[in-house]
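Notes follow the structure.
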Amino acid sequence: MNVEVLSVPTEKPRRDSYDLVVVVDTLRASTVIVKALHNGAMAVYPVGTISEAEEVKSVLPLAILAGERKSFKIKGFDLGNSPLEFTEENVKGKNVVLTTSNGTKAVKKFQGYGTTVSMAFSNVKSVASYSKEFQNILVVCSGSHGELALEDLYTAGVFVNQLEMPALNDGGLIARTLSSEDPIKVFKTAHHGRYLSEKGMAEDLVESCIERDVVPILKRDPMGLEFFTSFHLFRG
């Protein structure tokens, strides 16, 4: 198994295609996608911009608009990007259209490289189990506005540490050195974690540590819109 970790989405992958692409945005887009699907959302549609979200909403008028800019809910949207908002009451049986500053943009950028899944710390064990049948894997850390995000690289390290003797690039080797750290300590130390705490969103860091057995897999609907749907690895 070969695993290539990009510490930021501006890095260029070595290959033109992969068996599996794993996009990481632990604080907070991937955590939100995982929780929404875990709580019964029909699908999560990741889009790069606010206007794209509104376009999808025009096609799916009953969908929920969710997302953030500078970590705060977008004006006129139903939900922001806090995992605390994605309760069963809010999302069960509904489609969610999500746009964020980093995570959904990384999905749009790398989805053409192969089968794409969304990973946060909350579902890292499930994604690792799902990934064991793939030979060439690309892990993309979404980062923060083009810069490295410690929480994403840490999550990538926890991921590769659960695989059996993967061949790693330098990004993967660096990520793995972080994997023994306590997650909440990492999240509180990370720049974006500190920013969220300063803005009154410290509970999101704790919520991001809760494990959920969902693997969000990117699919395409008959209208050509990409969406994440849930693959429950351990449920019947």
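Of the residues Val24, Val34, which single one is touching a residue at least 12 places away in the same chain (Cβ under 8 Å), surrounded by 24 or more Cβ atoms within 10 Å (Cβ to Cβ) and either in contact with a Cys (Cβ under 6 Å, 6 or more places away or on another chain) or not hydrophobic (A, V, I, L, M, F, W, C) (or both)? Talk me through it step by step, then tell me what you get.
Values: Val34 fails: either in contact with a Cys (Cβ under 6 Å, 6 or more places away or on another chain) or not hydrophobic (A, V, I, L, M, F, W, C) (or both).
Matching residue, one of Val24, Val34: Val24.
Among residues of region 51-68 that are under 23 Å from Ser82 (Cβ atoms), those with a Cβ under 8 angstrom from a residue that is surrounded by 13 or more Cβ atoms within 10 Å (Cβ to Cβ) and of a type in the set (Asp, Glu), sequence gap 6+ or separate chain, pair up as Ile64/Asp78; Leu65/Glu54; Leu65/Asp78; Ala66/Asp78; Ala66/Glu85. If the condition is being of a type in the set (A, V, I, L, M) and at positive phi, then region 100-127 contributes no residue at all. Inspect all residues belonging to region 86-94 and state whether any of them is in contact with a Phe, Trp or Tyr (Cβ under 9 Å, 6 or more places away or on another chain) and surrounded by fewer than 24 Cβ atoms within 10 Å (Cβ to Cβ). Checking region 86-94: not a single residue is in contact with a Phe, Trp or Tyr (Cβ under 9 Å, 6 or more places away or on another chain) and surrounded by fewer than 24 Cβ atoms within 10 Å (Cβ to Cβ). Of all residues in region 133-154, those being over 20 Å from Val8 (Cα atoms) and touching a residue at least 40 places away in the same chain (Cβ under 8 Å) number 2. Taking residues in region 186-210 that are without any contact (Cβ under 8 Å) to a residue 12 or more places away in the chain and assigned to a helix (DSSP H, G or I), and partners anywhere that are buried (at least 16 other Cβ atoms within 10 Å of the Cβ) and of a type outside the set (Lys, Arg), the pairs with Cβ atoms closer than 8 Å and at least 6 places apart or on different chains are Ser197/Leu205.
One line per residue, one yes/no per condition, for (1) more than 22 Å from Val56 (Cβ to Cβ); (2) at pLDDT 95 or above; (3) not small (Gly, Ala, Ser):
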residue: Val91; (1), (2), (3): no, yes, yes
residue: Ala120; (1), (2), (3): yes, yes, no
residue: Phe134; (1), (2), (3): yes, yes, yes
residue: Arg176; (1), (2), (3): yes, yes, yes
residue: Arg194; (1), (2), (3): yes, yes, yes
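Just one of the numbered conditions (1) under 17 Å from the mean Cα position of the chain (by Cα); (2) crowded, with 24+ Cβ neighbours inside 10 Å is not true of Val3: (1). I'd like to check something: does region 190-198 contain any residue that is surrounded by 15 or more Cβ atoms within 10 Å (Cβ to Cβ) and of a type in the set (Phe, Trp, Tyr)? So far as region 190-198 goes, no, none of its residues is surrounded by 15 or more Cβ atoms within 10 Å (Cβ to Cβ) and of a type in the set (Phe, Trp, Tyr).
Residue-by-condition table, conditions (1) aromatic (Phe, Trp, Tyr); (2) closer than 30 Å to Leu168 by Cβ; (3) touching a strand residue (DSSP E or B) at 6+ places or on another chain (Cβ under 9 Å); (4) surrounded by 24 or more Cβ atoms within 10 Å (Cβ to Cβ):
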{"site": "Arg14", "(1), (2), (3), (4)": "no, yes, yes, no"}
{"site": "Gly48", "(1), (2), (3), (4)": "no, yes, yes, no"}
{"site": "Val59", "(1), (2), (3), (4)": "no, no, no, no"}
{"site": "Glu68", "(1), (2), (3), (4)": "no, no, yes, no"}
{"site": "Asp78", "(1), (2), (3), (4)": "no, no, yes, no"}
{"site": "Gly103", "(1), (2), (3), (4)": "no, yes, yes, yes"}
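In region 67-89, the residue that is nearest to Thr26 (Cα to Cα) out of those that are among the hydroxyl-bearing types (Ser, Thr, Tyr) and modelled with pLDDT of 95 or more is Ser82.
Count, please, the residues in region 58-76 that happen to be part of a loop (DSSP other than H, G, I, E, B) and touching a helix residue (DSSP H, G or I) at 6+ places or on another chain (Cβ under 8 Å).
Filtering region 58-76 for residues part of a loop (DSSP other than H, G, I, E, B) gives 60-63, 70-71, 74-76.
After this cut, where a residue has to be touching a helix residue (DSSP H, G or I) at 6+ places or on another chain (Cβ under 8 Å) as well, the list is 63, 71, 74.
Looking only at that region, the number is 3.
The values are calculated or read from the model by the stated rules, or taken from the named source; none is laboratory data. In this text, all values refer to a predicted model and were calculated from it rather than measured experimentally. Glycine also receives a Cβ, built like all others from the backbone with ideal geometry; neighbour counts cover every protein chain displayed.
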